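The values are calculated or read from the model by the stated rules, or taken from the named source; none is laboratory data. Predicted, not measured: the structure shown is a model, and the values here were computed from it. FYI the Cβ positions are ideal-geometry reconstructions off the backbone, even for glycines, and counts take in every protein chain you see.
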Amino acid sequence: MQVKGHHTALKMQSSDERVVLAKTADFLQKAEHLRKLADKHAKERKWNNCSRKNDLKDCFCSLEELENKFNSELKIEVIRVRQQLQKIRNSVYRFQGQLIDVKPSPDLIEKLKDIMSEIESSINTFKEEQHQSFEELLKEERTCWQEIWAFEKKIDAWSLTVKKGAEFYITPKVRLCMDKKGKEVLPAEVMALEAFLQQTGGKLGGWDQYDHQSFLKVWTKHHGKPSYRTEAKFYLPSKTEEDIRLHEDWYLELCRLQERKKEAIQKWRAERLREKEARLQDQESEAERREHEAAAAEAQRLKQEEERREAAARLETWRSQRKQQQEQEEEQRLREEILQRKQLKEERRRQLEVKLAIEAHIRQKKEEEELRLLEQEAQERAEMEERQRLAAEGIRRFQERDLHKLETKLQEKQAKEEEELERVKKQAKLKEKVESHITRDPSRLCKPTKGWKEHTKEIGPTGGGPVYQMFHRAVPAWRQGL
């Protein structure tokens, strides 16, 4: 059971890691797309500024000053954020360094608690500052959106074509919210989403970033099924089931409002596109009508002049074509002549190279053959000398071996003769010292020996008394003690 639980935990961890990696890849892809889009808009804005700078010099000077100011503020903000992140990173590294090769003690635990509290405080402060900054940016974005909306209305009013006795072409508008002064502001769906976020504690529903991300991870894993609440309790120990249910209702409402906001923005964009297309169509039709009238007025006047110009152009074209054709023919002839000369020169050069290559090859083959013959003669001479040397060496070695064998045999023969002579001398000396007279007695073989006589001299009793010993089977010495 423990192995199964461990395997299940590993599978859950791997699935969570895959989800985190997928979200990270999606975020990086979106960030890259936004970066490219920002670069594209910056290039377009720069090109528009350059093309219109002469006409509106004063306005563009103020815009450049404002842009430089924003860029400097952005750089300062980036440096400040990087410094804060580096400070948090250094605190984490210091905390990790305290955990290396240490012995647990109350002082160490208190020190680690202080460091963790400092890190947590830094992170919370950084998150709060970023949250406030994002809220301010959202407010500025809403203000800019309203201003852009007002400017677009003015520009649209300027671009309409005004005729005598005609009225402005009015297209149906997207349903917008109205403020107290009767001015048009953001769509109702957008205002509803913003009001909902302001009333419910922002984009996280009053929760912190970690708890909200844990909720989203479990929610996504279970596809919004009620079974997610059991697992959510393990990830959110500080939240009750009622808090999780309320956050679920808040998240569903947020998704619904975001979807309505997206649909409203799409409808608004489509309506704006239809309005622009209608205005452009009216302008194009008016321009076409005027152009048609101007063309009809000048058609008769330009017809004869056009015919004369066409005739003169045809004549001039024929002359230029004729001249160009002659020049091309002359150029072609010269190119063919030059090419033919180059081919002949190349052929002679190739033949000369082939001839030189053949002569060099023949000379090289001849030199190689002479060198081969010389090497062969030298090799044969060396082999002959080597064979003679080996034969002389073999003859000398055989002679030495035969001489050694002969000397060995002579020494052995001389040693045997000396041994035989020594043996004869010893026998002669023994014969001189000992004189033996031995007589034969065939009956002594049947006589008892002295040992047997001593053994049979005294014979004890033949049983009837007590037994003082018991005979046992003899045990060899090498088996005793086993």
Margin query: Only one of Ala296, Ala311 is surrounded by fewer than 10 Cβ atoms within 10 Å (Cβ to Cβ), more than 60 Å from the chain's Cα centre (by Cα) and free of Cβ contacts under 8 Å to residues at least 60 places away in the same chain. Can you tell me which?
Written below: Ala296
Check: Going by the conditions given, is Leu99 of a type in the set (A, V, I, L, M), surrounded by 10 or more Cβ atoms within 10 Å (Cβ to Cβ) and over 30 Å from Leu193 (Cα atoms)?
Finding: no
Next item on the list: With the condition kept exactly as written, say whether any residue in the range 132-154 is at pLDDT below 80, assigned to a helix (DSSP H, G or I) and touching a strand residue (DSSP E or B) at 6+ places or on another chain (Cβ under 7 Å).
Entry: no
Notebook entry, point to check: Does Arg269 fit the bill of being assigned to a helix (DSSP H, G or I) and exposed (fewer than 13 other Cβ atoms within 10 Å of the Cβ)?
Noted result: yes
Margin query: Can you confirm whether Lys262 is part of a helix (DSSP H, G or I), modelled with pLDDT under 80 and either among the acidic types (Asp, Glu) or surrounded by 12 or more Cβ atoms within 10 Å (Cβ to Cβ) (or both)?
Written below: no
Checklist line | Output for the range 113-131, where each listed residue is over 18 Å from Val81 (Cα atoms) and either among the acidic types (Asp, Glu) or loosely packed, with under 11 Cβ neighbours inside 10 Å (or both) | finding: Lys113, Asp114, Ser117
Next item on the list: Go through the range 262-278 and give me each residue that's of a type outside the set (A, V, I, L, M) and in contact with a strand residue (DSSP E or B) (Cβ under 7 Å, 6 or more places away or on another chain).
Entry: Trp268
Check: When you go through Leu430, Leu403, Leu374, Leu410 one by one, which is the residue that is over 60 Å from the mean Cα position of the chain (by Cα) and surrounded by fewer than 10 Cβ atoms within 10 Å (Cβ to Cβ)?
Finding: Leu430
